[in-house]
Structure formats: structure tokens, C-alpha cells
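A quick write-up on the structure given underneath.
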Amino acid sequence: MRFRAKIVDLGCLNHFTRVSSTISKLAKTCTLRLSPHKLYFILSDKVANGGVSMWCELAQGNFFDEFQMEGVSADYNEIYLELMPENLSRALKTAQNAKTVKIKLTNKHCPCLTVAVELPSLSSSSRIVTHDIPVGVIPRKLWTDFREPVLPEFDVVEANLKGDMNLKIQTDLVCITTHFKHLANPSWALEDISQDRDLEAMVEARIDIKKLLQFLAGQQVNTTKVLCNIVQNRIVHFILLHDEVSLQYFIPALS
Amino acid sequence: MRSRDEGEQRRPAVFSRDTRRGVDYCHVALSTAKIVLGKAAHSLSRIGDELYLEPLEDGLSLRTVNTSRSAFACFLFAPLFFQHYQAARPPQRQPPRCKVLMKSFLAVFRSLAALEKTVERCCITLSPESNRLVVQLHCKHGVTKTYNLSFQECESLQAIFDPAECPHLLRAQARVLVEAVSPFSPALSEVTLGVSRGRRVVFRSYLEDDTDAARAMMTEMSLSEDEFQQLQAQEGASITFCLKEFRGLLSFAESANLSLNIHFDVPGRPAIFTIEDSLLDGHFVLATLAEPQAGQEPGQGPHSTTHQDDFANDDIDSYMIAMETTVGEGVAEGPRTPSPVSEEEEAESNVIPGTPPLKKFRSLFFGSVLAPMEPPSEPNPVLAEDSEGEG
């Protein structure tokens with residue numbers, strides 16, 4: 001297994017730093033999946049995560065000037081690593097004015113993702129900051145735990161197919177509803193709907209507001225589009241879209 | 001640090017004569033320098049909970065030590081630093097030494113921004129008769145804030161150290177050092193500083209033994225020798241010390257735009273960090289880890305494939321400065337210097353056996369230096385009996 005990658009463009013570095021910062025706010029530990037053309041940050045929906053799951057996909061060519069990897073085998077040319085995204089985020093934040101950033105898989109006292117930052121200095125010789133981020137290598141037999149989530153049949157809820165969405169909270173003393181109107185329903189959502197479906201009927205799911213907050217508060221990337229899919233009483237699914245990045249986040253409904 | 005003798009020869013002019021009679025006090029006033037004093041207070045507060053003040057002929061000395069006695073910090077402000085400086089009245093009388101709660105002193109200077117904008121003058125008066133340290137901030141619009149801090153008379157706080165005894169020296173602009181430690185998390189306790197192959201200066205995060213090494217990220221910053229004004233150390237020399245305490249002096253040095261000297265020796269012996277300019281000097285003495293970095297094999301790092309980072313691995317006993325425990329009976333002859341004090345001089349030990357030293361750091365020994373031929377004028381409270389060191 002080998003992995004080495006290099007970023008020289010400050011804009012790309014900045015963007016990658018913001019993505020990793022977003023991920024670090026959504027998950028304490030997650031899986032980094034490396035394949036020849038893409039990187040993924042994955043949080044699978046285990047009980048320990050409170051049922052939330054996350055799938056973030058990046059095209060490596062949009063960030064890295066050099067990207068070489070060799071997976072576990074020729075047939076399975078991928079690498080799955082478990083890491084704490086907070087470490088990666090902190091490491092990248094030290095690279096603000098870097099000349100280059102190199103990331104590679106190394107074996108120090110344990111398998112590590114080593115981030116080596118070359119910084120400008122007043123002398124002829126650059127400064128070098130090295131971060132060794134301990135990672136866990138996930139064996140191939142566990143890779144099936146990290147499949148891309150299949151989008152369930154969704155109904156649009158407390159949102160409807162007419163572009164209305166209501167966010168509601170309810171306590172013993174008070175009930176507050178925020179109405180969003182004139183939102184767009186993506187055209188593919190309307191394609192498969194049966195004819196007699198009432199477009200104005202609301203579909204709803206109750207979710208833990210803390211998880212919603214965590215998701216919204218963590219956003220660092222300027223997204224072009226946000227999609228929200230709701231399955232009646234089962235799950236709320238957010239998709240954030242930006243040029244080179246898509247981030248999907250699933251929050252299960254409370255029973 | 002200047003000796004008293006030198007101070008005598010250089011006694012500055014007193015800017016105003018005070019007409020008060022019969023009140024024994026020390027008085028300093030400053031205007032533009034108040035920020036620097038405030039910053040020094042902030043810097044010292046990173047180390048200890050008690051501030052020892054000693055008005056000397058050389059200037060006003062502010063000192064502190066941490067509870068585990070593994071860090072000592074001292075600033076000396078020359079008389080010319082102040083608009084008005086008077087150590088004692090009458091001058092022949094021993095000026096009082098006192099200590100106040102750091103928290104209380106810092107409260108006066110807490111907001112440096114406010115200090116700059118609204119405070120016009122700051123006056124500090126030590127009144128032994130009323131056991132009060134009075135700090136007056138004369139502010140705009142006729143407002144005067146008076147802080148009465150109660151103090152305790154005490155023995156002088158001294159740390160035994162001598163930069164000249166350290167074979168290694170590293171000197172750099174404070175800014176370079178600030179940038180050098182910026183990649184490290186503010187939560188990081190200890191850092192290892194060393195010279196690696198190729199004469200590069202390396203700072204590396206120190207992971208304590210009980211840290212879950214499997215989870216902790218290791219960070220290293222490597223700089224070229226060229227970035228330092230002076231590097232007098234062989235490859236392989238290294239020490240591990242408390243980064244948080246070091247940052248206290250570093251932020252002060254950076255704000256004053258000074259260079260910082262790091263004098264060090266083998267692991268286990270204290271490292272001495274100094275700054276100076278014409279009006280002040282500062283010394284931070286920090287204990288260093290006696291054993292080489294555990295849990296980290298030497299030779300790791302970006303240069304490990306081509307160089308071996310052969311940090312010092314001397315099997316040397318921890319450095320302990322022996323202190324005689326005899327009460328001063330005029331045992332030393334001649335004038336005493338506040339510091340450095342050589343090992344041959346005997347002094348009464350004033351070691352407070354605080355909490356056990358932080359992990360493997362050894363305590364520095366401290367002693368009081370009694371002026372010759374002068375028994376204590378009043379019974380000083382016994383702070384603690386001296387106990388044998390860890391040996």
C-alpha cells in the first residue's frame with residue numbers, strides 16, 4: 001500500500017482545508033477512502049454515531065497536483081484508513097502560506113498519514129512542518145461497511161412538492177414554525193410521482209435538532225446548492241453540492 | 001543581572017523629591033512604560049500564583065515560581081524604565097521584599113487595551129507599615145483607580161542558575177520563535193528543542209508516556225540555522241521543556257521586539273531563557289526533562305531517511321543544586337549579588353515542597369540570600385521546612 005500526494009496551489013489547499021474542517025465538525029472519527037481518482041470521507045451509520053452517517057466525495061484532480069496510490073492489491077486498488085479528521089484539519093491549518101504540502105502514508109511508530117508542509121522563510125532554506133497523523137488501516141473484509149448509501153424512495157416532507165418547507169419545533173410551552181416558500185423541487189423528484197399524489201400534502205420527519213445544528217454549524221465550504229430529501233418518519237437526507245465536492249449527510253428520524 | 005555594587009555606582013537621579021516624612025515606602029511611577037509592565041505581569045502569571053516584588057537599587061524586580069518549583073521567572077526593570085523610581089526611604093534601610101497574589105496584581109493590568117487608552121499614569125507604592133502594595137492608575141477624566149493589595153513579607157526568591165555555565169546557546173528574534181512554535185496546539189504541554197543533522201533547529205511535540213500514542217498527532221517544525229542570530233550547539237543536543245511556560249516569555253519578547261537567548265545544557269539541567277534591553281531584562285528558568293524522549297524513536301522526522309536525529313541520550317543524573325540549610329550567620333563575605341549565585345555560597349533554603357514535580361521534571365532549588373550581617377528584622381513566617389530533594 002502506498003500513497004503520496006502533493007498540493008502546490010494555494011487556492012486548492014485552502015479549499016481542501018475547508019473541506020477537512022467541515023468534516024472534522026461532523027465526525028470525531030471517520031474513514032478516509034482513497035481510490036485512483038477520488039477521495040471519500042465516510043461516516044457509516046453505526047449506533048455509536050447516533051445513527052447519522054455521512055458521505056463526502058472529492059475528485060482528487062481538483063485538489064492535488066500529484067496523486068499516486070497503490071491499493072491493497074491490483075483487484076482492490078483502494079485504501080481505507082480510519083482517522084480523526086480533527087488532526088488532518090489542524091495539520092492543514094498550519095499550511096496557510098505553504099509553498100507545497102505533501103501528504104503520504106508512512107509507517108512511523110504506527111501507520112500514519114504524514115503531512116509535510118514546506119513554508120517560506122527568511123533564509124534560503126525553507127521551514128518544514130511535519131505532522132504524523134496516526135491512522136488505522138481498515139482491512140478489506142470490512143470495506144463493505146462503507147458502501148455509498150442507497151437513496152431511499154423519498155417523499156418530500158413538511159416540505160412538499162410545491163416548494164414549501166416548514167421547520168418546526170415543539171416544546172411544552174411553545175410551538176414555532178418557520179415557513180420557507182418558493183423553494184425549488186428538483187425536476188427528477190417530480191418525474192416518478194404518481195398522478196394522483198397531492199402535491200401540497202406535507203411529509204414529515206422528526207429529527208434531533210442537535211444533529212441538525214451540528215451539520216449546519218460545521219459548514220465551511222461555500223455550497224452552490226443544498227438538497228433536502230425526507231422520507232416520512234424515517235430519515236432526512238441533506239446533499240450539499242459545490243463544484244468539486246458533494247457531501248451527503250443522513251439524520252435518522254426519532255421514533 | 002546587575003549586582004548591587006554596580007547599582008550603587010549607577011544610581012539614577014530621582015526626578016522629584018518627596019516631602020513625606022516618616023513613611024517608609026518605595027515608589028515608582030510610569031506612563032508610557034505601563035504597557036510593558038502590564039505585559040510582564042501577564043507573562044509572569046503564566047508561571048506562578050504569587051508575585052514577589054523587590055525594589056532594589058538596580059531596579060524593580062518581579063519574580064515568580066510555579067507550584068512544582070520547575071519554573072522560575074524574573075523581570076528586572078531598571079530605574080530609568082520609570083518616570084520616577086525610589087527604592088527605599090531612607091535609602092540605607094533594607095527595602096522590603098514582599099509577595100502578593102498574582103491574581104490580584106494581574107487584575108490591575110488585566111486589560112492592556114484599557115491600560116493603553118485610558119490610563120495616563122501608574123504609580124506603585126510599597127508601604128511596609130500598612131502591609132499594603134498600592135497601585136494607583138491615574139486615568140482620563142480625573143478618574144483614579146486605587147488598588148490596595150495586601151502583601152506578605154518574605155524572603156527573597158532566588159533561583160540558582162548561571163547562563164555562563166550552559167554550553168549551548170541559541171539566539172533568535174522573538175518573532176522567529178513565535179512562528180516556530182505556532183504549528184503546535186495551544187494545549188501541548190511540552191516540546192523538545194534540538195539540533196539535528198544538517199544544523200537544522202527542530203522543535204518537536206513531546207508526547208508523555210501515558211498519552212495514547214496511537215491517537216496523538218506528532219508535529220515537528222524544522223528551521224534552518226540561518227534563521228538564528230546565534231547557534232552554539234552541536235548536532236544532537238536537545239532539551240524538553242514546558243512549552244506553555246516558554247510561551248509566556250515569548251509573547252512578552254515579541255511585543256517588545258526583542259531577541260531571545262536560550263542557554264541550555266544536557267537534559268535534566270535547567271534551561272535559561274533570557275531577554276534584555278537597556279531598560280529591562282528577563283530570565284525564565286525552566287526545568288528540562290531528565291530522560292530522553294520516550295515513545296519516540298530518534299531518527300523520526302522528515303530527515304530521518306537521510307539523517308539520524310541523534311538527540312542527546314546521556315545517562316546523567318538529574319541536575320540538583322545542593323543547598324545548605326544553615327541559617328546565614330554571615331557565612332558569606334562581601335556583597336551578595338541577587339543572581340547568579342554560585343554553589344559555594346551558603347544560604348538558608350527556602351524551598352517549599354509543593355506538589356510533586358510535573359511528571360519527570362525535577363524541581364529547581366531555590367534559596368534565599370540573606371544580606372550579610374543582618375539578621376531578619378522581624379520573624380518571617382516559616383513557609384515550609386526544607387525537605388530533602390528527590391535525591
Per-residue Cβ contact counts at 10 Å, fewest first, order B:H263, B:H84 as B:H84, B:H263
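Shielding by partners for A:117-124, please: the mean number of other protein chain Cβ atoms within 10 Å of each residue's Cβ.
Details: counts 2, 1, 5, 0, 6, 8, 7, 2.
Shielding by partners across A:117-124 averages 4.
Across the residues of A:14-21, average count of Cβ atoms on other protein chains within 10 Å? Each step should come with its number before you reach the end.
Numbers: counts 0, 0, 0, 0, 0, 0, 0, 0.
Mean partner-chain Cβ count within 10 Å for A:14-21: 0.
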To the nearest 0.05, how large is the calculated FRET efficiency for B:V178 and A:Q68 if R₀ is 41 Å and r is the Cβ-Cβ distance? 0.70
Please report, in debye to the nearest 20, how large the charge dipole of the range B:26-153 is about its Cα centre when each Lys and Arg carries +1 at its beta carbon and each Asp and Glu carries -1 there. 300
Going fewest to most other Cβ atoms within 10 Å around each Cβ, A:T224, A:T100 line up as A:T224, A:T100
How large is the charge dipole for the range B:100-229, taken about the Cα centre, if only the Cβ atoms of Lys, Arg (+1) and Asp, Glu (-1) carry charge, to the nearest 20 debye? 740
Arranged by the count of other C-beta atoms within 10 angstrom, fewest first, what order do A:S20, B:S182 take? B:S182, A:S20
Residues of the range B:187-206 with amide N under 13 Å of a point placed 7 Å along Cα→Cβ from A:K93: B:187-188
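How many Cβ atoms of partner chains, on average, are near each residue of B:225-238 if near means within 10 Å of its Cβ? Show your work: numbers first, answer last.
Details: counts 2, 5, 5, 1, 0, 0, 0, 0, 0, 0, 0, 0, 0, 0.
That average works out to 1.
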In nm, the gap between the two label points placed 7 Å beyond Cα toward Cβ at A:L167 and A:K6 is 4.4
Taking amide H positions as placed 1.01 Å from N in the peptide plane, with prolines and chain starts having none, which residues 5 or more places from B:C139, or on another chain, fall under 5 Å of its amide H? B:E120, B:T144, B:K145
Can you pull the one-decimal nm distance between simple spin-label points at A:V203 and A:Y76, each 7 Å off the Cα toward Cβ? 3.6
Taking the simple approach of a point 7 Å from Cα along Cα-to-Cβ for both A:D145 and B:K244, what is their distance in nm? 3.5
In this structure, among A:K102/A:K211; A:K28/A:K104; B:K34/B:K103, pairs with alpha-carbon gaps over 26 Å are A:K102/A:K211
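A short reminder: the numbers here are calculations on the coordinates, not readings from a lab. All figures in this text were calculated on a predicted structure; none of them were measured in a lab. Positions of Cβ are backbone-derived with ideal geometry, glycine not excepted, and every protein chain shown enters the neighbour counts.
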